[in-house]
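Remarks on the structure that follows.
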Amino acid sequence: QVQLVESGGGLVQAGGSLRLSCAASGRTSRDVALGWFRQPPGKEREFVSTVSWSGGSTVYADSVKGRFTISREIASNTVYLQMNSLRPQDTAVYYCAAAKGLIATSKYEYDYWGQGTQVTVSS
């Protein structure tokens, strides 16, 4: 079992920044990738970014490339999502998730999910 707890969401104006954190505990190991997904109101959950256990491999959705940065702190088993130049269309509930494997971009590959944190970007 892997437990995930997100924090850092909130309300921000367009163009602003937020940093999300996700603390992982339980059976985390070298073959566990951590990722961020989001679910806008009335829409499907979508991939945002993922990072390998070592932090050496990352993948981003096209919609966030150049604006969001994912990072992983191995000592504390925490993954971060730095979100800059936020847009109203980034408004969503953001979820942290864990998957077995080096890297994973599909929500169907993820077995463990956090409770989600709301990000609202006003225009």
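The values are calculated or read from the model by the stated rules, or taken from the named source; none is laboratory data. For clarity, every value in this text was computed on a predicted model and none was experimentally measured. Cβ sites come from the backbone with ideal geometry, for glycine too, and all protein chains shown count toward neighbours. Each accessible area value is taken on the protein alone, full model and side chains, heavy atoms only, with ligands, DNA and RNA left out. Shrake-Rupley method; radii C 1.70, N 1.55, O 1.52, S 1.80 Å.
Quick rundown of the values:
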item	result
DSSP-defined beta bridges in the chain - what % are antiparallel, rounded to 5	90 percent
Rounded accessible area per residue of the chain, 1.4 Å, Å²	50 Å²
Filtered trypsin sites (Lys or Arg not before Pro), the stretch 9-90: DSSP coil and at most 15 other beta carbons within 10 Å	R27, R30, K43, K65, R67
Neighbour cut-off at most 14 other Cβ (10 Å), DSSP loop, GluC sites (Glu not before Pro), the stretch 28-77	E44
Separation of alpha-carbon centers, the stretch 31-65 and the stretch 1-27, rounded to whole Å	12 Å
The chain, relative contact order [Cα under 8 Å, separation at least 6], %	36 percent
Two-decimal ratio, the stretch 1-63, of alpha-carbon radius of gyration to 2.2 N^0.38 Å	1.27
10 Å-binned pair-distance histogram of the chain (Cα, whole percent)	15, 51, 29, 5, 0
Potential lengthening between D31 and R87 on full extension [0.36 nm per residue; Cα-Cα distance subtracted]	16.8 nm
Accessible surface of the stretch 27-115 [probe 1.4 Å, protein heavy atoms]: carbon and sulfur percent	48 percent
Added length on full extension, which subtracts the Cα-Cα distance from 0.36 nm per residue, T69 to E46	6.6 nm
